[in-house]
Amino acid sequence: MKKKFSTILTLVALTCVLLVGCSSDKGKDTASSEEGVNWPTDTVTVVVPYGAGGDTDTYARQMALQLQKELNQNFVVVNTTGAAGVVGASSVLDAKPDGNTMLFNHTGAALAQEAANANEFSFLDDFETVATVAEDDTYTLLAKKGSKWDSLDKMIAWAKENPGKLRYSSTYYGATHAVATQMEKTMGIELDKIDVGSSTSERLTSFIQDQCDIIVVNFMNVADYVEKGDFVVLGVCSDERLKGLEEFPTLKEQGYDVVMPKIYEVRFPKGTDQAIVDKLSESIKKVTESEEFKSTLEKYYAKSIYRDGKTSIEEDKLEVQRLKDLFGIK
C-alpha cells in the first residue's frame, strides 16, 4: 500500500513538472511574439524599375537610407529597367517571398497599366502591398524657350490649327499617356504621342534633341534647365500651386483639369510573411514621420506621406477606376 501511494505521489510530482514546463514554454512563445519577427537578418534589395537619378530612384534611396538606420540592416537599391517598369516589377514578382526583395515604384505608371490591363500580372492583386512612402505632384508641362509653343495659349492655338502634329513625349499607358489624354480632352487638341522610352533621361534627351516639342516630367529633373531659362513652364499638373514652386501656375487654374499625382509605394512578393509586411510598414511609418526624411523630400518639392497596405490598395483601386474612365476602358 505504501509502495502504491509512493508511486501516485511520484506521478503527481511529474505531472506538475510537466505543467510548469509547458507554462514556461508558453511564456517564452508569448514573449517572442511580442518582440516581433526576426527580420531583416540579411541585406534587403530594393528594386527600382527605372534608371538611376530620376524621382523614383531618388526617393527610394532616401527611404533605404532611413530604413537602414531604423532596422540596422543594409537596404541596397538596384535599378532594373525596361518596359515602363514592368521588367523590374516582374523580377520582384518572381523573387522568393522571404522579405529580402521589395519593389519601390510609383502609381503613375503602375495604375495606368493596371487600368489598361496591359500586363500579365496585377500590381494590386499579385503583390503584398506594404505601404505608401511619398507623393510628388510636380509633373510639369514644358516647352523650349524661343519655340512657337513657349506659352500655353500659343501651344493650344497651334495644336488646334495643326491637329495631330504637336509632338509629345509619351509612354503608352503610363503617367505621360494619362496626362496627354487629359490635355486632349480638356484643351480640345490632338497630340502626336511619340514613345521615345520610359526613362526620364531618354525622354529628356529626345526633348533636347528636338525629337518632340513638349514634355511632362517631374520638376526635380528639370529644375536647372528652368532656372537657366532653357525650358519654359507651361503649367503644373497639380490641384494647386506647390510649396517652393508658387511662381508656376497649375494647368487647372488656367482652365484645364489636368492633374497627375505620382505616389510612391513599396511591395513585397506575394506570400511574404504578414509579420514581415507589418514590421516594414511600421518602420516606413516612422521614416515618413522623421524630420530628416521630410526635409529631404521638400528639397525636391515632394512630400512624405504614409498609408498602410490596406489603405494604399483601397485608394489605388479608386485611381484605377478614374484612369479606366479617362481611357474609356470598361
Inside region 148-166, the number of residues satisfying the requirement of being more than 21 Å from Leu245 (Cα to Cα), open to solvent by 20 Å² or more (accessible area, probe 1.4 Å) and at pLDDT 95 or above is 9
- Query: Is it true that some residue in region 109-116 is assigned to a helix (DSSP H, G or I), closer than 20 Å to Gln274 by Cα and open to solvent by 20 Å² or more (accessible area, probe 1.4 Å)?
  - Reply: no
Worksheet item: Has region 167-175 got at least one residue that is at pLDDT 95 or above, out of contact with any Asp or Glu (no Cβ under 6 Å at 6 or more places or on another chain) and not aliphatic (A, V, I, L, M)?
Response: yes
- Restrict the check to region 287-301 and report whether at least one residue is aliphatic (A, V, I, L, M), more than 28 Å from Thr176 (Cα to Cα) and in contact with a strand residue (DSSP E or B) (Cβ under 9 Å, 6 or more places away or on another chain). yes
Condition set open to solvent by 30 Å² or more (accessible area, probe 1.4 Å) and assigned to a loop (DSSP other than H, G, I, E, B), scope region 262-285, selection nearest to Asp125 (Cα to Cα): answer is Lys270
Only one of (1) part of a helix (DSSP H, G or I); (2) of a type outside the set (Val, Ile, Thr); (3) open to solvent by less than 40 Å² (accessible area, probe 1.4 Å); (4) in contact (Cβ under 8 Å) with a residue 40 or more places away in the chain does not apply to Cys212, and that is (1)
The condition of being closer than 20 Å to Lys330 by Cα and either surrounded by fewer than 23 Cβ atoms within 10 Å (Cβ to Cβ) or of a type in the set (Ser, Thr, Tyr) (or both) holds, among Glu120, Glu202, only for Glu120
Within region 168-207, residues touching a residue at least 12 places away in the same chain (Cβ under 8 Å), more than 23 Å from Gly255 (Cα to Cα), out of contact with any helix residue (DSSP H, G or I) (no Cβ under 6 Å at 6 or more places or on another chain) and among the β-branched types (Val, Ile, Thr) come out as Ile194
Restricted to region 179-198 and to residues being crowded, with 21+ Cβ neighbours inside 10 Å and under 24 Å from the mean Cα position of the chain (by Cα), the residue farthest from Leu166 (Cα to Cα) is Ser198
Inside region 68-90, the number of residues satisfying the requirement of being hydroxyl-bearing (Ser, Thr, Tyr) and farther than 12 Å from Phe127 by Cβ is 2
Go through the residues of region 75-85 one by one and say whether even a single one is surrounded by 18 or more Cβ atoms within 10 Å (Cβ to Cβ) and either under 15 Å from Gly108 (Cβ atoms) or within 12 Å of the chain's Cα centre (by Cα) (or both). yes
The residue from Asp126, Asp42, Asp137, Asp98 that alone is under 14 Å from the mean Cα position of the chain (by Cα), open to solvent by 20 Å² or more (accessible area, probe 1.4 Å) and modelled with pLDDT of 95 or more is Asp137
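The values are calculated or read from the model by the stated rules, or taken from the named source; none is laboratory data. This structure is a prediction, so every number in the text was calculated from the model and none was measured. FYI the Cβ positions are ideal-geometry reconstructions off the backbone, even for glycines, and counts take in every protein chain you see. For accessibility, only protein heavy atoms count, side chains too; no ligands or nucleic acids. Shrake-Rupley method; radii C 1.70, N 1.55, O 1.52, S 1.80 Å.
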